[in-house]
Structures are given as C-alpha cells and as structure tokens.
Amino acid sequence: MNAPALETRDLAKRYGKIEALRGVSLSVEPGEIYGLLGQNGAGKTTLIKILLGITRNWKGEARLLGQPAGKSAVLARVGYLPEDHRFPEYHTGASLLQFYGQLLGVSRDLRRTRIPAILDTVGLADRMHTKIRGYSKGMKQRLGVAQALMHDPEVIFLDEPTDGVDPLGRKEIRTMILQLKAQNRTIFLNSHLLGEVELICDRVGILQKGRMVREGEVATLTRQKGSFLVGLAPGQTLPVAELQKLDYVVAPYGERWEIHLRDDQTIDPVVDFIRSQGLNLRHLVEKRQSLEDLFLETLKEREAPTQRPVPR
Amino acid sequence: MKFFAFLKDSFRETLDSKVLYVTFGLSLLLMLLLGSVSFRMVPIKEQLDGLCWLYGLAFGQGSSTTAEVVDARQLNAPEDAWKGDYQFTLAVRFPDEDRARSGAVQAGQLEFFTREMFWWLKDLKVRKVDSANKSEVHLEFTSRGTRLNSDRSWPHEPGLFFGALPLGPLFRQSLAYWVYWIENRLVNGAGGWLVVLLAVVVTAPFVPNMLRKGTVDFIVSKPIRRPALLAFKYIGGLTFVFLNALIAIGGIWFVLGLRTGIWAPGFLVSVLIITFFFAVLYAVSTLFGVLSRSAILSILMTCAVWAILWVVGLVYKNIHTPESASAARMREAQSGRLGQAEGPQTNPGSPSWLRITADSLHAVLPRTDDLGTLTTLFLSNELLSEGERDHLEFKRDIAFSWTASIGICLAYIGVLLGLACWRFATKDY
C-alpha cells in the first residue's frame, strides 16, 4: 500500500490566544481529490500553510509525500494556489511562470515547452505577454492555477481555485482537476463552493473552529438514510392515511411524497401497498442530502451544545 | 539558477518603476554636458588679471582699492609655460596719495593673495618698486621654476558647450584638479548621493512587495530557504545601484578621458564604493521591510539612519580635523593681522560632551562618511601632483582607515541582514 500523499496527526497551531487548529488528523491518499470545508477562520488555510512550510511553530505531526512538512525537497513536487493571491504586477503571465519555474528548478527546455502549453490550457495563451496588471480577476485566477500546475506536481493544493472565475471558466477548472486526478495527481481543495466540491471530490473533511468535525466519502456523507421520494402517475394520489396506519411517516413533497422509514422498516411494503391499490409507481428514489445541507447540519449540530447553559 | 532568477526579477521590478530610465537619462545628460566642456590653458597675464579681479572682490573695501597688472613675462621663453621663470608687476591703486602712503596692509594682502593663488611658483620673491603715480603701490614678483610636473597641472579655465560659455576667473584650476573635482565632488559626491537616494526609494518596496499578503505565499512555498531568498532579493537591490553607478561612472570616466587625456582608472573604484555605501543603507531598508512590510517606513528609517551617520561623520571630522593652514592664513589676512595669529586651530571651542558623544558614536556606527573622505584621498592621490595635494592639505584627513571603515560597515551589514533573515525565517505568513 502506498504511503499517504499527505498526513497530519494531532496538528495544532496557535496564533497568540487564538487556537487555529486543535488536534487535526487527516490522511489523503495518492490520486485522491480531498475537499476541506469550513467557515472562514476554521483553520483550512492554516492547515495548508503548515503542510507547505509557510506557517511555522506548530505542534503535532504533518507529512507531505512521506517527508516532514515544509521540507524544501518536497516543495518542488507540490503545486499551490493560495487564496486571495496577488502576483507581482510587473510580470507578464509568461515571465511570471519563467520566474516561478526557475525557483522550482524546472529546466529551461521544459519551461520553453511547458509554459505556453499550460497557459493555453487555462485560456491565457493570447495574453501571455501582457503585464499582469492588465488581467481581470478571473485571468489572474487562471494564471494562479497555471503556476500551480506548471511543474507537473504530484500534490496540488488549491485554495478557492474558482474564486472570481466565470461559470465557463469554473467548469474548465473542474475538468482540469478531474484530468489531473486521472493522471493520479493528488488534489487538496479548499472551497466555499460546496456544489463544486460535491461534484469533484472523493472525500471531504469539515473543519470547525480548528477541529475536524466530520470526514468521509462524499457519497456516504450525503446519503440520507431512510428517506425516499415517491411519485405516482398523473392524477393519482397516494393514500397517505393508509400508509400512516401502517406506521410510515409520510409528508407531501411538491407533487410527490416523502416517506421516512423507521429503523426497523424497509421501503418494500410501501411499494407492495401502492401496487395493491392499483396505483402506478413512476418515481422512487432514495433521497440524498446535498453537501451544503450536510455542511450546515454539521455546523448546527456542533454549535448546539455550546449554546446550552453551562451547568454549575 | 535561483539566484539569477531573483536578479532578473529585481531588474524587472526596477524597470517597471521607470526610475532606471530616468537615472540612465540623467547619466547620459551629464556625460553629454561633460563631453561639451573645453579646458583652456590660461596664460600667465590672464591669470594675473583674474588675480587682481579677485583681490578687488576679497580686499577691495567697496572698490576704493583695486589692483591691476602692470607687466608680466616669462623670463626663460620659449620653455614650456609650466616650467617657466616669471617676472610680473602688480599695482595696488588707492583713491589718493595719502592712502597709498599708509597702504602697507593692502600691499601685504595683495602679496599674500598672489602667493596663495600662485603657490606653484617656486622661489617667489617680491619687492616694492617705484611708481610714477603716487596713488599706486607697485610690487614686482620674480620666480624661478614651478612646482608643477606637467601641462595638466597648469591652470585651466573650463568652458561649457565647447568653450562657448567660459566660466571665468573663479573657476581656474589645474586640469588635473578639474578632473579630480568632477570625479570626486560632482560624480562621487552630488551624483552619488542622488543615485543612492533614488535607489533607496526605488528598492525600498522590493522586500515589502515580496512579503505582501497574497504574494509571500507563492515565494515561501517554493523550494528555497528563506534566508537565501532574502539574500537574493538584497543582492538584486544592490545590482540596481551597481548598474547605475557603473554606467554613470564608466561613461563619465570615458568622456573625461577623451576630453582631457587623463585616464585615471582609480575613479572606477567609485562604482564599488557607492555600491558599498548603498549596501549599508539597503541592509537597514531590508530589515525594516521585513519587520514592517511597509515601503514607506523602510524609506523613512533608511533616510533617518543615513542622516544620523552623516551628521556623526561630519561632527567627528570637524572636531578632529584641524583648520587648514590656508584658511587660517586667509582669516589672518582678512583681519589685517598676517603672521600674528596662532595658525591652524583644532576647534578648541567644541564642548567635551560633543567630543565624547561624536567619538563614541563614530566608534560604534558604520563609518559611511569616512568612506567618502577616503575616496577623496584616493582620487586626489591618483590625480593631483604632490604639490597640489600639499597645497590643498589632503594629509589632514590621513587618520581615517579603509580597513576600519569597511570592516565596521561589513559588520553592520551582517548584523542587520542576520536579524532580517532570522525574522523572515521564523515568521508565520
């Protein structure tokens, strides 16, 4: 089994009196797309900065590509797009990538071929020799993605990669991320756009006030166990009262009905009952909750105990 | 490769500010201006006319007493002028005979003034000769040989725009002195200050811009150690000054060589001296750039440190450098007490607290001002004749040492950059 692409154990970081991270442990496997969610100030960016050696003086364990976090040798194998970044505006897109490429140790020959190619991929080929001060926010974001990928890194940290990018550009970036995954690259994604995270991430973790409060596969986390949506042929009505007598919890859901199962119940008797009534079943799906629902629910759950009065 | 990447990045940042174009433009203008300066050897008669004019300005007592040249000739013509034996008669003209009869002081002042200006005439003897006009006193001077060693030591008058705009008697010095003056005062002094001041302003944002929120993450997440990163950025800033100084000084040296025939390579050392001087200031700028991430604060602190170092150097030099003998003689001559005063004085009036403070600060602070003095001595040794250096009393500043000045400056650069690196390496971004 391969070693994790990145791993933290009991990671803690304090800025003065503020505890930014409180014992965060996580592990991301090679080739995985991992999304880290959390409110502003939850510690998401701090976690990335620790792994990249940008932030120092932390406690716990953090390893990147099998090496202790922040090691110079490892950083050459990592790409990073920071949140709210600002490029030196005296550069052009191409000259900036030349500069960063040199710092990353990319050979001159490789830079010569790679830079136009990556700028073409992010849609900046025709503006590569324009000063960055003439770029729009979306173009700067695309350039940010380009610089994170230009040296073909094994692990890519993307902090709000689609921030300021138009819908088409967002789709292109999502496609690019999925292509990178297909090339077995590991991607660590911080994003507020939960819809996007849900679309592309294999696993997510939710950070709240420096703690990892939920973590798992997206498909598993968003499945809402015991809740189904039922739809019948046009003009037909579900005999709700009859089903309630059978101890099912039924509630209208637009033109359909939502049926909640108790722990000992299955959906099969409901299907049998509908058929026995001569009704035509047209729609039956297990209801899933969106990542946004999960995120909000998680935050609500975790906030709730702190709102109770503290017993004396 | 990383070092050159930073060097190129700093160069790009400098070009973006457009200041490099301005400084190159100013250097080019200065080169063109200096290239247009013609130097004309001034005949002895014309020098004496100038002397009389200056005498009128300095001692004329509101133009009531004037001086003029009665006669001037080279006794050993056609020998080169700089090897000449000379005889000339000067007249002090008074408003009336009574004043002429009591005019011994004025005649003494003219003799003093002549000896000061014609210090290079050897064995200069003077005697009072009769005059038909009783309101005049005539002084006849004779000399045997000179203390000059070539044509270039002979007084020359510069004229701007290929001689179309002569600068007049006030500006008559040896050709070697003019080259020395341009190199030392104009280029090293005023030009150096201007370049360093511009460089302080242009390079101060280098470090704060790099450490700006949103920019620093890109840099510090690259596989390069932070102290090396800061050192590269620092060297990038120095390169700006080095390039400016190299182009300006190299160009001026070339132009002066073409115009005067004096090719003194020592002037090129000034490129390193100016860069080294800036290195001290840029270390201050770098430290405050790291601490505050503010370009404005870096500029202010750098200028404050520069001012402090300059004042300390100036006060120290004034306290410890005796008054020049010529200044003392001029003071005596103007007060009409020639030969009666005590000679040069070493600022006896400076209070002991000032002396102790200046000595202490000079001992512990970078000696940037001393570097200027040492450069002056260095250039004077290369360009001026022994006689000129004696006359200009350069040996008064001999107490300064290259080793101590450079050593203390280097130590400061090391300490300041060390602090900046430590802060940069340990700070969270």
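The values are calculated or read from the model by the stated rules, or taken from the named source; none is laboratory data. These figures come from a predicted structure and were not determined experimentally. We place every Cβ from the backbone using ideal geometry, glycine too, and count neighbours over all the protein chains shown. Ligands, DNA and RNA are excluded from the accessible area calculation, which covers all protein heavy atoms including side chains. Shrake-Rupley method; radii C 1.70, N 1.55, O 1.52, S 1.80 Å.
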- Message: If you split all Cα-Cα distances of chain B into 10 Å bins from zero, what percentages do you get per bin, shortest first?
- Response: 4, 18, 23, 21, 16, 10, 6, 3, 1, 0
- Quarter of the surface of the C-alpha convex hull for chain A, i.e. direction-averaged projected area in nm², equals 23.0 nm²
- Task: Please report the Cα spread of the range B:44-152 along all three principal axes, rounded to whole Å, starting with the longest.
- Result: 44, 25, 19
- Message: Using +1 at the C-beta of Lys and Arg and -1 at the C-beta of Asp and Glu, which of A:Leu189, A:Gly226, A:Met150 has the Cα lying farthest in the positive direction of the dipole of the range A:115-265?
- Response: A:Met150
- For the range A:6-220, what relative contact order do you get, as a whole percent, if you take Cα pairs closer than 8 Å and at least 6 residues apart? 30 percent
- Task: Select from B:Ile182, B:Val315, B:Pro158 the residue farthest towards the positive end of the dipole of chain B; place +1 on Cβ of Lys and Arg, -1 on Cβ of Asp and Glu, and compute about the Cα centre.
- Result: B:Val315
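Over all directions, how big on average is the projection of the convex hull of the alpha-carbon atoms in the range B:1-104, in square nanometres? It would help to have the intermediate numbers written out before the result.
Working: hull surface 57.0 nm².
Averaged projected area of the range B:1-104's Cα convex hull equals 14.3 nm².
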- Reference-scaled alpha-carbon Rg (2.2 N^0.38 Å with N residues) for the protein assembly as shown: 1.55
- Which residue fluctuates the most in chain B, going by a Gaussian network model with Cα springs under 10 Å, if the choices are B:Ser405, B:Ser385, B:Ser221? B:Ser221
- Message: With 20 Å as the cut-off, how large is the P(r) tail for the range A:68-155, expressed as percent of Cα-Cα pairs?
- Response: 29 percent
- Query: Using Cα atoms only, what is the angle between the long axis of helix A:93-103 and the major principal axis of chain A, expressed in degrees (0 to 90) to the nearest 10?
  - Reply: 80 degrees
- Note on the structure: Stokes-Einstein D for the range A:180-312 (37 °C, 0.692 mPa s, Kirkwood Rh from Cα pairs), in µm²/s, comes to 183 µm²/s
- In straight Cα distance, which lysines are under 23 Å from A:Lys245, not counting same-chain residues fewer than 8 positions off? A:Lys225, A:Lys287
- With springs only between Cα atoms under 10 Å, which of A:Gln141, A:Gln244, A:Gln183 fluctuates most in a Gaussian network model of chain A? A:Gln244
- Query: Say a paramagnetic label sat at a point 7 Å from the Cα of A:Tyr253, along Cα to Cβ; which residues of the range A:186-209 have their backbone N under 12 Å from it?
  - Reply: none
- Item | In the B-A interface, the accessible area buried, summed over both sides, Å² (probe 1.4 Å) | 2700 Å²
- Message: If amide hydrogens are placed 1.01 Å from N in the peptide plane, which non-local residues have theirs closer than 5 Å to the one on B:Thr146?
- Response: B:Lys122
- Message: What are the equivalent ellipsoid semi-axes of the range A:224-288, built from the alpha-carbon gyration tensor (square roots of five times its eigenvalues), in whole angstrom, biggest first?
- Response: 17, 14, 11
- Item | For the range A:1-139: span of alpha carbons on each principal axis (Å, largest first) | 46, 36, 24
- Item | Listed residue pairs exceeding 29 Å between alpha carbons, taken from A:Lys71/A:Lys131; A:Lys171/A:Lys209; A:Lys131/A:Lys181; A:Lys131/A:Lys171 | A:Lys71/A:Lys131; A:Lys171/A:Lys209; A:Lys131/A:Lys181
- Determine the order of A:Arg63, B:Arg367 by accessible area, beginning with the largest, at a probe radius of 1.4 Å. A:Arg63, B:Arg367
- Within 10 Å of each Cβ of A:73-82, how many other protein chain Cβ atoms are there on average? 3
- Which value, in debye to the nearest 20, gives the size of the charge dipole of chain A about its Cα centre, when Lys and Arg are +1 and Asp and Glu are -1 at the Cβ? 1380 debye
- Message: Using a Cα-Cα cut-off of under 14 Å, which aspartates and glutamates could be cross-linked to B:Lys427, ignoring same-chain neighbours fewer than 8 residues away?
- Response: B:Asp217
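Express as a percent, rounded to the nearest 5, the fraction of DSSP beta bridges in the range A:6-220 (both residues included) that run antiparallel.
Taking every DSSP beta bridge with both residues in the range A:6-220, the antiparallel ones total about 55 percent.
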- Item | Proximal lysines relative to B:Lys128, as straight alpha-carbon distance under 27 Å, when same-chain residues fewer than 8 apart are discounted | B:Lys45, B:Lys83
- Query: Suppose every K and R has +1 on its Cβ and every D and E has -1 on its Cβ; what is the size of the dipole of the range A:130-240 about the Cα centre, in Debye to the nearest 20?
  - Reply: 240 debye
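For the range B:44-152, what is the charge dipole size about the Cα centre, in debye to the nearest 20, if Lys and Arg each add +1 at the Cβ and Asp and Glu each add -1 at the Cβ?
The calculation lands at about 300 debye.
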- Task: Mind jotting down a quarter of the surface of the convex hull over the alpha carbons of the range B:77-137, in square nanometres, one decimal?
- Result: 4.9 nm²
